[in-house]
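Below: the structure, in structure tokens.
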Amino acid sequence: MQAGRTVTRAVAVPMARDWRGLLLISPTLVYALTMLAAPLALLIIMSLWTQDVIEIRRTISLDNYRQVFTEPLYRVLMARSLLIAGVVTLVTVLLAYPIAYFVAFYGGKRRGMWLLLITIPFWTSYLVRIFLWKVILGYNGVLNSGLLGLGLIDQPLTFILYNANAVVITLAHAWAPFAILPLYVSLSRIDHSLLEAARDLGDGPVRRFLRITLPLSMPGLIAAVLIVFIPTVGDYVTPRLLGGTDGLMIANMIEVQFGKANNAPLGAALATSAMLIVASVALLFLWLNQRSLRRVG
Amino acid sequence: MSNQPIIQVRDVAKYYGDEPALAGVSLDIMAGEFFSLLGPSGCGKTTLLRMISGFDVPDRGSISIDGVDMAGVPPNRRPTNMVFQSYAIFPHLSVAQNVAYGLKRLRLGRVETKRRVEEALALVALEGYGGRQPHELSGGQRQRVALARALVMQPKVLLLDEPMSALDKKLREQMQTELRRLQRAVGITFVLVTHDQEEALLMSDRIAVMFNGSIAQLDSPEGMYRRPVSRQVASFIGMMNFLRADIASIDPSGATVNIEALGSALLPGVSVGKPGSATIGIRPEMLTMLYGDHATAERVFRGKIVDTEYYGDLTLYQVRIDDTATVVTVSMRNTAGRPILQAGDRTRIGWGAESLVLLDPLESAK
């Protein structure tokens, strides 16, 4: 009898916990289902339909995808998006790493203050920051007039606005805190005695960094790369406002398809394809990270 | 062990603000010996160890290792290796990669590196563990990896910073014995920092007891236990009864002292100090409880037991000496047939003058 009662309890308690758990996350679950899963499913279904002048034909076909992967324009835009996102990621992480390193290792009691200062750019709207970069980088902008005034250049620089460079500069600045924070977290977790042990075993500063600090901060580095890379591929405001014609990216084309071109199914196919490509790049990174963690040393 | 000093510390001082962490320490550590720096936390023992390893720089004085002055030599270029208190095992590397870490820079080649790693792992009884990840190891195994990683470098001196403090009692005792065996086997000079006096006594050839940034006494374990120079050292190493005393006279045969509650005694061979007040120390195991009326000793006093602490293998009695307020601790082994006496029982205690230690002459007992 005693045993029987114990068994029922052992089954009943986790069940009750499961239900309570579901209840706890239900608002979030409803949100996730209606705002993320459902639209995603709709998008994928729509990408299989076809736009027939003003009507949408609801027969399943892969025509849109064929167009996406064969038309040179879409391929160029996709490649450019990946390239710009790659460069933005590289620049952002290269700039963020030393800052995160400094705060984690030399921040001392002022770590909190440094982190607060790093988030200051967020106190203004992203759009306002883009316009500020326009003011800085423009033909008669702060940078050009400053350099002209100093006599360092005779002609205003034009390669810094309305092209891919402007997009890279603006996004690298905008994403910096997002990259600094995960890097800071993983760097500040490194036990200093590990660095002393490496030193004790004969490593100078460079080897110590490459063999201990860098591999141990890899999770933060990968997080930073993904956090910057994924939204950048799909960014649409910055290229629209600062990119000119050379700086347009895939998201701008998706917007065109849903809007002016009135071809929502093609837009959906472009969006789905972009998502798939970004997802595969992300998975590749995660896989590389695990492999590097195993093989470092 | 040889008589060649491998480490020479000369008047080394370090200040944090105005507080001296080390106030001018000098000592020689001999090649091949097991040397311990013993003291309470904050006494400067770890600071001294970190200066030998190069992680801290002295404000004054010099340290030389194997005849070479170490001023300006960074830790990565010193012939020392360290076992850290936290072990500092690299979490992203396997056991074998951890042990091979320092060898990589030496470019010994794959075969030689592998051979040395396996040799080092065998030395610490971790054969076949090379492929394990650090998180799969127990505390004791992690410590062995840390040892192997340092020993594989064949350092002239191995520095150990409280290596046992993270282990539980049983494992600690086992590792103490093993570390001692290992040191004898490899013949490398070991410098151990510890706050555990038993550990220091058990493992060391010589011990330096440190208080407030200075060495209070440097001696063999036996010398340290039998002839502590001060009340501070005596109370840090083992248990000790302290009694107030007056040095009545000092002549070639020894010092005559009047001890509270015990009376007058001649300390043979004691010639330090001047007539005046002092402290006399006597270890609890040097006081013998006399069972039966016929048992006798060189000197005897009577008393009443006020408390009994039973430890299994031995019993500690608190005994108030008759006609005084003085309470002394007496330690008795619980050998066969010996009864355990209880509080309130009367007893006779035997003692001898040769087991008395004269401490801090000219300083009154506190």
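Averaging the sequence gap over all C-alpha pairs within less than 8 Å and six or more residues apart, then dividing by the number of residues, gives chain A a relative contact order of 26 percent.
Tell me, in nm to one decimal, what length is gained between A:Tyr236 and A:Leu214 on full extension, where the rule is 0.36 nm per residue of separation less the Cα-Cα distance?
Values: separation 22, 0.36 × 22 = 7.92 nm, distance 3.28 nm.
Stretched out fully, the A:Tyr236 to A:Leu214 stretch lengthens by 4.6 nm.
Taking every protein chain into account, the 1.4 Å probe leaves B:Val306 with about 60 Å² of accessible area, to the nearest ten. In the protein assembly as shown, a dipole from Cβ-located charges (positive for Lys and Arg, negative for Asp and Glu) runs towards its positive end, and of A:Ala32, B:Leu48, B:Ile280 it is A:Ala32 whose Cα lies farthest in that direction. The accessible-area loss of segment B:61-86 on complex formation, taken against its chain alone with a 1.4 Å probe, reaches 30 Å² or more at B:Pro75, B:Asn76, B:Asn81, B:Phe84.
Once the chain from B:Ser214 to B:Ala343 is taken as fully extended at 0.36 nm per residue, the excess over their C-alpha distance is 42.3 nm. Taking the charge dipole of chain A about its Cα centre, with +1 at Lys and Arg Cβ atoms and -1 at Asp and Glu Cβ atoms, the residue from A:Leu90, A:Phe209, A:Leu242 reaching farthest to the positive side is A:Phe209.
Only helices enter this figure: runs of n ≥ 4 DSSP H residues, each worth -39500 (n - 2.57), summed and divided by the residues of the protein assembly as shown, yield -14500 deg cm²/dmol at 222 nm to the nearest 500.
Ballpark to the nearest 100 Å², how much total accessible area do A and B bury together, probe 1.4 Å?
Values: alone 18370 and 17660 Å², together 33950 Å².
Chains A and B together bury roughly 2100 Å² of accessible area.
Pulled fully out, how much extra length does the chain show between A:Leu95 and A:Phe285, if you take 0.36 nm times their separation in residues and subtract their Cα-Cα distance?
Working: separation 190, 0.36 × 190 = 68.40 nm, distance 1.99 nm.
Here the segment from A:Leu95 to A:Phe285 would lengthen by 66.4 nm.
Modelled label positions at A:Asp63 and B:Leu171, each set 7 Å beyond Cα in the direction of Cβ, lie 7.0 nm from each other.
Entry comment: accessible area of the protein assembly as shown is 51 Å² per residue, from protein heavy atoms only and a probe of 1.4 Å. Mean sequence separation of contacting Cα pairs (under 8 Å, at least six apart), scaled by the length of chain B, corresponds to a relative contact order of 15 percent. Diffusion coefficient (Stokes-Einstein, Kirkwood radius over C-alpha pairs, 20 °C, 1.002 mPa s) for chain B: 92 µm²/s, rounded to a whole number. For the protein assembly as shown, give the percent of accessible area contributed by carbon and sulfur heavy atoms, probe 1.4 Å, rounded to a whole number. Of the solvent-accessible surface of the protein assembly as shown, carbon and sulfur hold 60 percent.
Candidate membrane-span-like segments in chain A, meaning DSSP H helices with Cα atoms spread over at least 20 Å of their own axis and a Kyte-Doolittle mean of 1.0 or above, are A:72-106, A:164-188, A:218-233, A:264-295, with no membrane implied. Extents of segment A:131-231, taken as max minus min of Cα coordinates on every principal axis and listed largest first, are 56, 33, 17 Å.
A crude spin-label estimate for the pair B:Lys114 and A:Leu73, with each label 7 Å from Cα along the Cβ direction, gives 6.0 nm.
Looking at segment B:263-366, the GluC sites (Glu not before Pro) that sit in a DSSP loop and have at most 14 other Cβ atoms within 10 Å of their own Cβ are B:Glu298, B:Glu363. Which of these, A:Asp18, A:Asp203, A:Asp63, has the largest mean-square fluctuation under a Gaussian network model of chain A (Cα springs below 10 Å)? Result: A:Asp18 has the largest fluctuation of those listed.
The simple spin-label model puts a point 7 Å past each Cα toward its Cβ; for B:Val186 and A:Thr124 those points are separated by 6.0 nm. Past 30 Å, Cα to Cα, is the threshold; run B:Lys45/B:Lys104; B:Lys114/B:Lys156; B:Lys104/B:Lys156 against it and keep the listed order. With Cα atoms farther than 30 Å apart: B:Lys45/B:Lys104. Taking amide hydrogens as placed 1.01 Å from N in the peptide plane, the amide H of B:Ala31 sits under 5 Å from those of B:Ser2, B:Gln4, B:Ile6, each at least 5 positions away in sequence or on another chain.
To the nearest 20 debye, what charge dipole does chain A have about its Cα centre, counting +1 at the Cβ of each Lys and Arg and -1 at the Cβ of each Asp and Glu?
Details: 24 positive and 13 negative charges, 214 e Å.
Dipole magnitude for chain A comes out near 1020 debye.
The values are calculated or read from the model by the stated rules, or taken from the named source; none is laboratory data. For clarity, every value in this text was computed on a predicted model and none was experimentally measured. Neighbour counts are summed over all protein chains in view; Cβ atoms, including those assigned to glycine, are modelled from backbone coordinates with ideal geometry. To get the accessible areas, we keep the full protein, side chains included, count just its heavy atoms, and leave off ligands, DNA and RNA. Shrake-Rupley method; radii C 1.70, N 1.55, O 1.52, S 1.80 Å.
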